[in-house]
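Student: Before anything else, here's the structure in question.
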Amino acid sequence: MGKAKKEDIVEDLDMTEDLADDSDGRSPDGFAEGEAEFDGAPLDDLAAADEIEVLRAERDDMRDRFMRALADAENARKRGERDRREAEMYGGTKLARDLLPVYDNLQRALDAATEEQKASDKAFFEGVELTMRELLNVFKKHGVELLDPQVGDRFDPQLHQAMFEAPVPNTKAGDIIQVMAVGFMIHDRLLRPAQVGVSSTPG
């Protein structure tokens, strides 16, 4: 009886060894050693990390687009503000330029009249002078100012237009010797240069 039990035990050990050989090193739950390391939590961590990187890239791209759109909007606002300001200041440039000949003709009428004529038709010439003053007031209201150089002033190519040059005693080259037509400014821009004659006398 004792001998039969011993043989049963040996047989059970042999079957256990065979099962161990068939498992090819697999754990009792059927997975090879280390295999669960890839199918479990570590793989989930890798997928989550990849998803985070994708979300970060999308976030950075959206932030870059937002900042660009914000900068474009700010530039458009500044450009619109500048255009509005220039329209307010210089919108009447063409009309003012078209009215300059009116001033010139009124001034010529006064310059051409003799004292005798002015005295004989005083009301008429007072009306002309009043019209000129009113025109200048309207100009001033819209930022148009008279540019009236005097004989002896220095010629400024930024403000004056030289119509002729001539040597004149007691002057230096570049001195204004005659004013043919006044000029006008509209705010800080030249609307029309003053037309002048300039001395060419060597210094």
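The values are calculated or read from the model by the stated rules, or taken from the named source; none is laboratory data. Just so we're clear, the structure is a prediction, and the values are computed from it rather than from any experiment. When we count neighbours, we look across all protein chains shown, and the Cβ atoms used for this are built from the backbone with ideal geometry, even at glycine.
Student: So, in the stretch 128-148, how many residues would count as being touching a Leu at 6+ places or on another chain (Cβ under 8 Å) and in a strand (DSSP E or B)?
Tutor: 3
Student: Write out, first by first residue and then by second, each pair whose Cβ atoms fall under 7 Å of each other, whose residues are 6+ apart or on separate chains, and whose first residue, in the stretch 120-137, is in the same structural domain as residue 108 (by TED's automatic domain parsing) while the second is among the hydroxyl-bearing types (Ser, Thr, Tyr).
Tutor: Listed by first residue and then by second, the contacts come to 132/103; 135/103.
Student: Consider the stretch 138-156. How many of its residues are touching a residue at least 24 places away in the same chain (Cβ under 8 Å) and more than 18 Å from residue 97 (Cβ to Cβ)? Break it down stepwise before answering.
Tutor: Residues of the stretch 138-156 that are touching a residue at least 24 places away in the same chain (Cβ under 8 Å), as a first pass: 139, 142-152, 155.
Now narrow it down to the ones that are more than 18 Å from residue 97 (Cβ to Cβ): 149-152, 155.
So the answer is 5.
Student: State whether the residues of the stretch 128-142 include one that is surrounded by 12 or more Cβ atoms within 10 Å (Cβ to Cβ), among the hydrophobic types (A, V, I, L, M, F, W, C), within 30 Å of residue 198 (Cβ to Cβ) and in contact with a strand residue (DSSP E or B) (Cβ under 6 Å, 6 or more places away or on another chain).
Tutor: Among the residues of the stretch 128-142, not one is surrounded by 12 or more Cβ atoms within 10 Å (Cβ to Cβ), among the hydrophobic types (A, V, I, L, M, F, W, C), within 30 Å of residue 198 (Cβ to Cβ) and in contact with a strand residue (DSSP E or B) (Cβ under 6 Å, 6 or more places away or on another chain), which makes the answer no.
Student: Looking for something at pLDDT below 95, farther than 27 Å from residue 190 by Cβ and either more than 33 Å from the chain's Cα centre (by Cα) or outside any helix (DSSP H, G or I) (or both) - is there at least one such residue anywhere in the stretch 100-113?
Tutor: yes
Student: Also: Name every residue in the stretch 157-187 that is in contact (Cβ under 8 Å) with a residue 60 or more places away in the chain, touching a strand residue (DSSP E or B) at 6+ places or on another chain (Cβ under 7 Å) and over 24 Å from residue 111 (Cα atoms), in order of residue number.
Tutor: 186, the sole residue that qualifies.
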